[in-house]
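Written out below as structure tokens is the structure these notes cover.
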Amino acid sequence: MSEVDFQPAKVVVTVRLTARRLRCPRCEFTTNARYDSRPVSSTWRHLDLAAWRLEIRADLRRLDCPTHGVRTEGVPFARPGSRFTRDFEDLVGWLATSMDKSALRRLMRIDWDTTGRIIERVIETGLDPRRLDDLFVIGVDEVSWRRGHSYLTMVSNNATGKFVWGQPGKDTATLDCFFDELGKEGSEAIQAISMDMGPAYDKSARKPGHATNAIICYDPFHVVQLATAALDKVRRQVWQELRQLPDKDAARRFKGARWALLKNPGDLTDDQAATLRKLKRKGGQLWRAYALKEALRAVFAGDLSDTEVGMLLDRFCSRASRSGLKPFVTVAQTIRKRRSGILAAVRLGINNEWSSHCTSW
């Protein structure tokens, strides 16, 4: 450090690099030769010093890398091409795992696009190069953002509970990229895969050279999610019917029942519990749909064997098929079709709970 300049809103610390050899910021190339004698004045934002913005300034030299051409020398405290120190970016990356992007942006006093670029740089340099080694049981699921308009396919190592791979998209081609990166030998070593019941990931896993030896396990969470979605369809149908009644306030009063129906009973507020009791007294299609959803959730709530779960699933499917509720008839058909994969998940104790708990790579 050669100088400290205290300003009204920030502190600027000027440093001088002591290394004699110039290092390319993009590779391991080093040299004693400078490309020219013109210094390049550079500034990086560091972690705030209480209320002051802290910046680091240095005059850098230029070198001629045989691979990347003329470049400004790399510095040990910042990533290539960044105007922020490594410590600042690492903090942003860590905060991104525990808070939403808007709150992070306000806390660190950076704009939306800058936040995204910092996260990309942290991931690029912070990924464990051995994260794809020794994958035997994995979980695959999609994660949505921007209110469900964009998706990421995420892969986890169930043995470590960590994410190991991710890419935008949620179709067969997206997961194909994972298996291509893993390679044929690594793909064929996978013993079990936990996934949802959509056809896209299953199709990718079964392609030659992919996880052809793996047992496909359908995550119980997604099984219950089928019934929850079916209940919501019945709810909307009832709401549409109420809108046709002379009493125009009936549909408005009913609209508030959504979360009372979709949330787990133990998570209801007092008002939502009261609403649910009213719906039970009223009965009808909506209460039958709710009872079916809860019956399916109860199948996976206890510590049951795959044989016991299979018996209860068969009982649920029979009941749903006779319910007269079309969405639940479809649920029963899907469960019967995917029955072996559902029971495999129960037998092996595999699920996708990582999708809500994993944060590190």
* To do: Test ARG339 against the criterion of being under 23 Å from ILE193 (Cβ atoms), without any contact (Cβ under 8 Å) to a residue 60 or more places away in the chain and open to solvent by 50 Å² or more (accessible area, probe 1.4 Å), and give yes or no.
  => yes
* Asked: What are the pairs, 6+ residues apart or on separate chains, where a residue within region 1-14 that is under 16 Å from SER41 (Cα atoms) and free of Cβ contacts under 8 Å to residues at least 24 places away in the same chain has its Cβ under 8 Å from a residue that is open to solvent by less than 70 Å² (accessible area, probe 1.4 Å) and among the basic types (Lys, Arg)?
  -> none
* Condition broken by GLU241, with the remaining ones in (1) out of contact with any Lys or Arg (no Cβ under 8 Å at 6 or more places or on another chain); (2) open to solvent by 10 Å² or more (accessible area, probe 1.4 Å); (3) at pLDDT 90 or above satisfied -> (3)
* Name the single residue, out of those in region 185-199 being in a helix (DSSP H, G or I) and either under 17 Å from VAL223 (Cβ atoms) or of a type in the set (Asp, Glu) (or both), that is most open to solvent (accessible area, probe 1.4 Å). => GLU185
* Just give me the residues in region 280-299 being farther than 18 Å from SER318 by Cβ and open to solvent by 20 Å² or more (accessible area, probe 1.4 Å), in sequence order. => LYS280, ARG281, LYS282, GLY283, GLY284, GLN285, TRP287
* Name the residue, out of ALA173, ALA230, that is under 30 Å from LYS282 (Cα atoms), assigned to a helix (DSSP H, G or I) and at pLDDT 90 or above. => ALA230
* Considering only region 89-113, state which residues are out of contact with any helix residue (DSSP H, G or I) (no Cβ under 8 Å at 6 or more places or on another chain) and either closer than 20 Å to LEU49 by Cα or at pLDDT 95 or above (or both). => TRP94, ALA103, ARG106, ARG109
* In region 155-165, is there at least one residue being more than 18 Å from the chain's Cα centre (by Cα), open to solvent by less than 30 Å² (accessible area, probe 1.4 Å) and not charged (D, E, K, R)? -> no
* To do: Check every one of the strands (runs of 3 or more DSSP E) wholly within region 1-77 and list those with 1 or more residues that are within 41 Å of the chain's Cα centre (by Cα) and either surrounded by fewer than 10 Cβ atoms within 10 Å (Cβ to Cβ) or of a type in the set (S, T, N, Q) (or both).
  => 10-14, 40-45, 69-72
* Structure fact -> Contact list, first residue from region 66-86 and without any contact (Cβ under 8 Å) to a residue 40 or more places away in the chain, second anywhere and small (Gly, Ala, Ser), beta-carbon distance below 6 Å, six or more apart or interchain, is ARG86/ALA78
* Structure fact -> Across (1) modelled with pLDDT of 90 or more; (2) over 23 Å from ASP100 (Cβ atoms), THR153 clears everything bar (2)
* Asked: On the given criteria, is LEU343 at pLDDT 95 or above and in contact with a Gly (Cβ under 9 Å, 6 or more places away or on another chain)?
  -> yes
* So which of ASP128, ASP133 ends up being out of contact with any helix residue (DSSP H, G or I) (no Cβ under 9 Å at 6 or more places or on another chain), over 21 Å from SER340 (Cα atoms) and assigned to a loop (DSSP other than H, G, I, E, B)? -> ASP128
* Asked: Going by the conditions given, is PRO208 over 30 Å from LEU312 (Cβ atoms) and either surrounded by fewer than 19 Cβ atoms within 10 Å (Cβ to Cβ) or touching a Pro at 6+ places or on another chain (Cβ under 8 Å) (or both)?
  -> yes
* Name the single residue, out of those in region 96-115 being in a helix (DSSP H, G or I) and among the small types (Gly, Ala, Ser), that is least open to solvent (accessible area, probe 1.4 Å). => ALA103
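The values are calculated or read from the model by the stated rules, or taken from the named source; none is laboratory data. Please read all numbers here as calculations on a predicted model, not as lab measurements. Neighbour counts are summed over all protein chains in view; Cβ atoms, including those assigned to glycine, are modelled from backbone coordinates with ideal geometry. When the accessible area is computed, the model is the full protein with side chains, heavy atoms only, and any ligands, DNA or RNA have been set aside. Shrake-Rupley method; radii C 1.70, N 1.55, O 1.52, S 1.80 Å.
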